[in-house]
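Take a look at the structure set out below.
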Amino acid sequence: MKILVLNCGSSSIKYKLFNMKSKEVLAQGGIEKIGLKGSFLKFSMPNGDKVTLEGEILEHQSGIEYILGVLTSKKYGCISSLSEIDAVGHRVVHGGEKFNKSVLITDDVLAKVVECIDLAPLHNPPNLAGINAVKELMGKDKPQVAVFDTAFHQTMPEEAYMYGIPYSLYEKYSIRRYGFHGTSHRYVSKRVCEYLGVDPQTQKIVSAHIGNGGSLAAVKYGESIDTSMGMTPVEGLLMGTRAGDVDAGVLSYVMEKEKVGPQTMSTIVNKFSGLLGISGVSSDMREIRGAVDSGNKRAELAFDMFAYRIKKYIGAYAAAMNGIDILVFTGGIGENSSETREAVCKGLEFMGITLDNEMNYKIHGDEAILSIPDSKVKVVVIPTDEEFMIASDTESIVKG
């Protein structure tokens, strides 16, 4: 089967085309700045060359039409016609309590995704736009599958996902912890067990997806029992531009003092906080580390806060699961920043985490064991592959 995977953001579309028999990526790329001046499609050729095509791309349907045209073009294409694409898998950010696994997209499923828009007003509408565009361009009979960021965490128990606010607000507005990065946490927690040759049903895993956005998940015997992001992706770790955990009273205090409304407050905690807000330098860990090496004290504080939050959650999840067998790092920072991994693991020797620092500083983006041989807890790097997980779910659902 050939599966096209689409990840539609508010102004972007990322895509990958897989040959599922050989597990080969036939094509990959993305469109940026949809609806803005200077929009473009950038993709990789089989020989590794990068190609950028500029053009006015006003909305998601024309963007997907552009992608499909490139995939079938004589100059850049890898398939002769759209009929070679057997199915399309979509990343859908929020499935609320309605979806606990990936599903074949039907009119009923679409209606339920629409009902979840209030929970993810910036993400679900472009996800829906991508689904509707494929239906329009490839026909209603082309199988499409929705893979939800939130689905993996639907196994959390009530005591983990409920907030300590009046229960009536949960009943009225579905206010609760949902968690995100579920497809990534599901992939790496499964893959790390394959890599180590152990049974997922026997392992207590802390999965650390650390990038510009970041979250940790406690995965006990193959199921997520807790995760650091909440009803929205703001809660939890300090992130590139997101505040993470913050006293709710601080928000009302700042709103009162600064005379700003909820929308402005949301922008502050989503776009101007985190590493950027503390350091004043950047939201990019590479630039933060450069500033730290140059003696920038605020950048050093931002880095220390970043690592400390991750360490705290590891300890919390060790308590929640009555121990840890595996700590797995993934995401852009988790896979590549040796300094972050070292700072996170330092001081956790008491719970059986002992890093091999020489190995730690050799590994950037490859699968590897970073702990010393007799470390009670295995510390492992597993590069995430959410697109392959989406393609794999799509294949199994369509075949099934």
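The values are calculated or read from the model by the stated rules, or taken from the named source; none is laboratory data. All values reported here derive from a predicted model rather than from experimental measurement. Cβ: placed from backbone, ideal geometry, glycine included. Neighbour counts: every protein chain shown.
Per-structure values
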item	result
Residue within region 238-248 that is part of a helix (DSSP H, G or I), over 30 Å from Asp325 (Cα atoms) and at pLDDT 95 or above present	yes
Those residues of region 164-175 which are without any contact (Cβ under 8 Å) to a residue 60 or more places away in the chain and either within 24 Å of the chain's Cα centre (by Cα) or not in a helix (DSSP H, G or I) (or both), in sequence order	Gly164, Ile165, Pro166, Ile175
Condition check for Tyr178: at pLDDT 95 or above, outside the structural domain of Glu223 (by TED's automatic domain parsing) and assigned to a helix (DSSP H, G or I)	no
Per-region count, region 13-62, residues in a strand (DSSP E or B), of a type in the set (D, E, K, R) and farther than 18 Å from Lys75 by Cβ	4
Filter result for the condition that a residue is assigned by TED's automatic domain parsing to the domain that holds Phe303, touching a residue at least 12 places away in the same chain (Cβ under 8 Å) and in contact with an Asp or Glu (Cβ under 6 Å, 6 or more places away or on another chain), over Ala368, Ala320	Ala320
First in region 195-223 and farther than 19 Å from Pro233 by Cβ and assigned to a helix (DSSP H, G or I), second anywhere and polar (S, T, N, Q) and modelled with pLDDT of 95 or more, Cβ under 9 Å, 6 or more apart	Leu196/Gln203; Pro200/Ser189
Residue selected from region 287-317 under the condition surrounded by fewer than 18 Cβ atoms within 10 Å (Cβ to Cβ) and either aliphatic (A, V, I, L, M) or at pLDDT below 95 (or both), by the criterion farthest from the chain's Cα centre (by Cα)	Leu301
Filter result for Leu216 (crowded, with 16+ Cβ neighbours inside 10 Å and over 21 Å from Glu158 (Cα atoms))	no
Residues being of a type outside the set (D, E, K, R), part of a loop (DSSP other than H, G, I, E, B), surrounded by fewer than 17 Cβ atoms within 10 Å (Cβ to Cβ) and at pLDDT 95 or above - total across region 366-400	2
Counted residues, region 177-192 - those being free of Cβ contacts under 8 Å to residues at least 60 places away in the same chain and over 15 Å from the mean Cα position of the chain (by Cα)	2
Hey, Gly334 exposed (fewer than 15 other Cβ atoms within 10 Å of the Cβ), within 18 Å of the chain's Cα centre (by Cα) and either part of a loop (DSSP other than H, G, I, E, B) or not charged (D, E, K, R) (or both) or not	no
Output for region 124-158, where each listed residue is free of Cβ contacts under 8 Å to residues at least 60 places away in the same chain, surrounded by fewer than 16 Cβ atoms within 10 Å (Cβ to Cβ) and more than 24 Å from the chain's Cα centre (by Cα)	Gly139, Lys140, Asp141
Output for region 233-249, where each listed residue is touching a residue at least 60 places away in the same chain (Cβ under 8 Å), within 23 Å of Gly96 (Cα to Cα) and surrounded by 19 or more Cβ atoms within 10 Å (Cβ to Cβ)	Gly236, Leu237, Gly244
Filtered residues of region 1-12 (kept if buried (at least 24 other Cβ atoms within 10 Å of the Cβ) and either of a type outside the set (A, V, I, L, M) or in a loop (DSSP other than H, G, I, E, B) (or both))	Cys8
